[in-house]
Amino acid sequence: MKPKESLKIAPPPTPEEKAVSPYDIVICRAGTTGCPHVIINPKPIADKIEKLLDELGLGEHIKAKAKGKLLYHMKFKVALAGCPNACPQPQIKTFGISGQARPVATNSPCVECMKCVEICKEEGAVKIIDAKPVFDYTLCVLCDDCAEVCPTESIVIEKKGVKVMANGKLGRHPKLADVIKELATEDEIYEVLKKVVEGHMINP
């Protein structure tokens with residue numbers, strides 16, 4: 001079992017900074033105090049997203065529409081989670097991501113310790129059949145817990161990425177975000193974000 005890389009600690013935005021920003025960008029504790037479940041560090045991605053939003057002119061667009069009175073519902077809401085637990089609730093934001101890691105079985109002999117089955121919170125997502133891990137990816141949330149506890153590397157992570165979501169909201173007509181892409185690369189995050197911003201500026 002390989003140890004995870006430690007994260008650099010970054011302070012969250014102050015209440016004053018959040019009050020004047022045309023964006024509401026929230027990250028989970030994986031990007032601030034650290035988290036044992038982290039798959040991706042959301043903090044550097046959040047910084048790049050804020051810069052990209054400015055480059056696309058979204059901030060000025062929102063401020064112009066606010067006419068000096070920037071209310072919360074006018075803000076472009078973003079949430080970034082380091083794992084599928086999705087603590088900052090990207091499912092109800094204008095744009096959101098959550099870290100993912102796809103586990104696969106290897107040819108390394110499985111000792112049938114059952115640690116992967118015991119730690120999995122999604123019943124039936126991983127089973128040991130004929131001394132080999134077998135995954136049901138319709139149930140697996142791609143959290144990497146099973147690979148973390150496997151003592152023989154019979155389970156490893158094939159790919160890490162993020163689930164990209166968009167157009168979620170609460171309020172009078174709540175809506176869960178659409179899942180745009182699974183196991184997306186960092187570059188793909190920004191590609192999707194550009195399209196979401198373009199649509200938001202036309203129909204906020």
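The values are calculated or read from the model by the stated rules, or taken from the named source; none is laboratory data. All of these numbers come straight from a predicted model, not from anything done at the bench. A quick note on method: Cβ atoms are made from the backbone with ideal geometry, for glycine too, and the neighbour counts reach across all protein chains shown.
A quick yes/no check of all residues on (1) more than 20 Å from the chain's Cα centre (by Cα); (2) surrounded by 12 or more Cβ atoms within 10 Å (Cβ to Cβ); (3) not assigned by TED's automatic domain parsing to the domain that holds ASN41:
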residue: GLU123; (1), (2), (3): yes, no, yes
residue: VAL126; (1), (2), (3): yes, yes, yes
residue: ILE129; (1), (2), (3): yes, no, yes
residue: CYS143; (1), (2), (3): no, yes, yes
residue: CYS146; (1), (2), (3): no, yes, yes
residue: SER154; (1), (2), (3): yes, yes, yes
residue: LYS163; (1), (2), (3): no, yes, no
residue: LYS169; (1), (2), (3): no, yes, no
residue: ILE180; (1), (2), (3): no, yes, no
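Among the residues of segment 69-109, how many are in contact (Cβ under 8 Å) with a residue 12 or more places away in the chain and more than 21 Å from HIS37 (Cα to Cα)?
The qualifying residues number 14.
Can you name the condition, by its number, that LYS159 falls short on among (1) of a type outside the set (Asp, Glu); (2) within 17 Å of ALA105 (Cβ to Cβ); (3) exposed (fewer than 12 other Cβ atoms within 10 Å of the Cβ)?
(3)
Please find, among LYS67, LYS93, the residue that is closer than 24 Å to PRO174 by Cα and basic (Lys, Arg).
After applying the criteria, what remains is LYS93.
Applying the selection to segment 51-62, what residues are more than 14 Å from ASP24 (Cβ to Cβ) and not aliphatic (A, V, I, L, M)? Walk me through how you get there before you give the answer.
The initial filter retains those residues of segment 51-62 that are more than 14 Å from ASP24 (Cβ to Cβ), namely 51-52, 54-57, 60-61.
The answer is LYS51, ASP54, GLU55, GLY57, GLU60, HIS61.
Just name the residue that is nearest to GLN100 (Cα to Cα) out of those in segment 27-47 that are crowded, with 19+ Cβ neighbours inside 10 Å and among the small types (Gly, Ala, Ser).
Per the stated criteria, the residue is ALA30.
Looking at segment 71-81, can you tell me whether even one residue there is surrounded by 23 or more Cβ atoms within 10 Å (Cβ to Cβ), at pLDDT 95 or above and not assigned by TED's automatic domain parsing to the domain that holds ALA166?
Scanning segment 71-81, I find no residue that is surrounded by 23 or more Cβ atoms within 10 Å (Cβ to Cβ), at pLDDT 95 or above and not assigned by TED's automatic domain parsing to the domain that holds ALA166, so the answer is no.
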